[in-house]
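Chemist: Below is one structure. I have some questions about it.
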Amino acid sequence: VAGQLSVRPIERRDASALADLTGAERDAWADALELPSGGAVHRLGAFVGAELRAAVELRPVLAARRRHAATLSALGGDQVALTQLVAEATTLADRWLGLARLEALVGADQPAALEALTAGGFVLEGWRIGWLARTDRTRFVDGAALARLRPGWTPPPAPPAPEADAPRVISAQITLRRSTPADADAVAAIMRDPRVLRGTLQLPSTSGDHWRGRVGAATSWLVEASTPDGPVVVGHGGLHVYAAPSAHVGEFGMAIAGAWQGAGIGRRLLAQLIDEARAQGLARLALEVYVDNPRAVRLYQGAGFALEGTRRAQAMCDGGYVDTHVMAMGL
Ligand SMILES: CC(C)(COP(=O)(O)OP(=O)(O)OC[C@H]1O[C@@H](n2cnc3c(N)ncnc32)[C@H](O)[C@@H]1OP(=O)(O)O)[C@@H](O)C(=O)NCCC(=O)NCCS
């Protein structure tokens, strides 16, 4: 079969063939193929004659500190065709796009994709438990989290993270409330705090405007401390729900201002975010944390999150790359 396979870019006219291949709606594919992606999303198909046997989609990650990375999705169950497509996609990523890290999430029920990616140099970084919903959320399968670093690429190491202060006691009264757009500047200031920035995916250039829309979301929480000068915003946490087939999974991020860390505030905010995830009817809650952030790892372990895997050279931190732990819990 391999000899008859020809690989070419997916065109708009391939929407029906993609729908047949993936079991998704034709219109959904037609829309996806119409969307101007600015050349950012790359799709290749392997054909035998006019028949589409498999396809791959290479999608660069948009997060500013993860611009070296892209996700690779394998579509279809023809292992020979997928193997050839993965080889083409990794060449594209390595030699033309200059990407350094490719990642793929493959269901435990997709052995052909797992084999093809492994043959293409991807290695297992962990299992995302119950990550993928099948048949209208009645069945859940684990996702194999695979990644491939560009051969020969040695990620420059990041300087050590600042040491966390020892735990301490504070007397200020702490209040949690939902945030509003009026809190955006205060949240942006916390996110730019050098003792916060390193542990997140934020930038020193992040503006209040960037946060304005996000902090108005129902799942965004704020921590206030009462001080002699009035209430001060000292922390922020936000919950994000994934798209199908992982719409039963939430992920969160949180930060406490440097001057207020180590006083038990993070633990209270985390409890609130877990309550929020339960109230939303989510089945699982996940997070990602840099391996050199022991205070955060300890906080999450104490709350019942389990380690699901470690992603290599996941994000740029202060001039180098740092691995992250992926952690999750059932709700
Ligand atoms: C990580 C962070 C949210 C934790 O919040 P916090 O208010 O500082 O932490 P808490 O005081 O609630 O302590 C949390 C846990 O860490 C422990 N801890 C506190 N200081 C510590 C230290 N220096 N070393 C190790 N553990 C420490 C606490 O004892 C507590 O564990 P316990 O519940 O088992 O007692 C906060 O420090 C922060 O925002 N850091 C910068 C941004 C960041 O890293 N965000 C997380 C991204 S995943």
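Chemist: Would the stretch 194-281 count as rounded, prolate or oblate if I go by the C-alpha gyration tensor, calling it rounded below 1.5 in a/c and otherwise prolate when a/b exceeds b/c, oblate otherwise?
Modeler: Note, shape of the stretch 194-281 comes out prolate.
Chemist: At a threshold of 8 angstrom on Cα-Cα distance, excluding pairs fewer than six apart, so keeping six or more, what relative contact order does the chain reach in percent?
Modeler: Computed over the chain, the figure is 13 percent.
Chemist: Calculate, for Trp127 and Trp96, the FRET efficiency according to 1/(1 + (r/R0)^6) with r their C-beta to C-beta distance and R0 35 Å; round to the nearest 0.05. Let's see the in-between values first.
Modeler: Values: r = 31 Å, r/R0 = 0.90.
Calculated transfer efficiency: 0.65.
Chemist: Here's something else I'd like to know. Give the carbon-plus-sulfur fraction of the accessible surface of the chain in %, rounded to a whole number; probe 1.4 Å, heavy atoms of protein chains only. Can you show the working numbers first?
Modeler: Working: 8610 of 15950 Å².
Answer for the chain is 54 percent, counting heavy atoms of protein chains only.
Chemist: Averaged over all directions, how much area does the convex hull of the C-alpha atoms of the stretch 59-171 cover when projected, in nm²? Could the numbers behind the result be given before it?
Modeler: On the way: hull surface 45.7 nm².
Its average projected convex-hull area is 11.4 nm².
Chemist: Mind checking the dipole of the chain: about its Cα centre, +1 per Lys or Arg Cβ, -1 per Asp or Glu Cβ, Debye to the nearest 20?
Modeler: Values: 34 positive and 34 negative charges, 94 e Å.
In debye, rounded to 20, the chain gives about 460.
Chemist: Once you have the Cα-Cα distance between Arg59 and Ser226, take 0.36 nm times their residue separation minus that, and quote the gain in nm to one decimal.
Modeler: The span from Arg59 to Ser226 would gain 55.6 nm if fully extended.
Chemist: Looking at the square roots a ≥ b ≥ c of the eigenvalues of the Cα gyration tensor of the stretch 237-331, which shape do they give, rounded for a/c under 1.5, prolate if a/b is larger than b/c, or oblate?
Modeler: Here the stretch 237-331 falls in the oblate category.
Chemist: Something else: Could the peptides 104-110, 51-57 be put in order, highest first, of the mean number of other beta-carbon atoms found within 10 Å of their residues?
Modeler: Put in order of decreasing packing, that is 51-57, 104-110.
Chemist: Towards the positive end of the charge dipole of the chain, with charges on Cβ (+1 Lys, Arg; -1 Asp, Glu), say which of Val291, Gly23, Thr83 has the farthest Cα.
Modeler: Result: Val291.
Chemist: Taking the solvent-accessible surface of protein heavy atoms with a 1.4 Å probe, what is the per residue accessible area of the chain in Å²?
Modeler: Accessible area per residue: 48 Å².
Chemist: Here is a follow-up. At q = 0.07, 0.09 Å⁻¹, what is the log10 ratio I(q)/I(0) for the chain, with the Debye formula run over Cα points and no solvent?
Modeler: -0.33, -0.54
Chemist: Which helices count as membrane-span-like in the chain under these terms: full DSSP H, at least 20 Å along the axis by C-alpha, Kyte-Doolittle mean of 0.0 or more?
Modeler: Length and hydropathy pass: 265-279.
Chemist: Something else: Under the classification rounded if a/c is under 1.5, otherwise prolate if a/b is larger than b/c and oblate if not, where does the stretch 1-86 fall, given a ≥ b ≥ c as square roots of the Cα gyration tensor eigenvalues?
Modeler: Taking the square roots of the gyration eigenvalues as a ≥ b ≥ c, the stretch 1-86 is oblate.
Chemist: Turning to a different aspect of this structure: What is the distance in Å between the Cα centroid of the stretch 106-134 and that of the stretch 1-30?
Modeler: 21
The values are calculated or read from the model by the stated rules, or taken from the named source; none is laboratory data. Computed from a prediction, not measured in an experiment: that's the story for all the values here. Glycine also receives a Cβ, built like all others from the backbone with ideal geometry; neighbour counts cover every protein chain displayed. The protein model used for the area step is the full one, side chains on, heavy atoms only, and it has no ligands, DNA or RNA in it. Shrake-Rupley method; radii C 1.70, N 1.55, O 1.52, S 1.80 Å.
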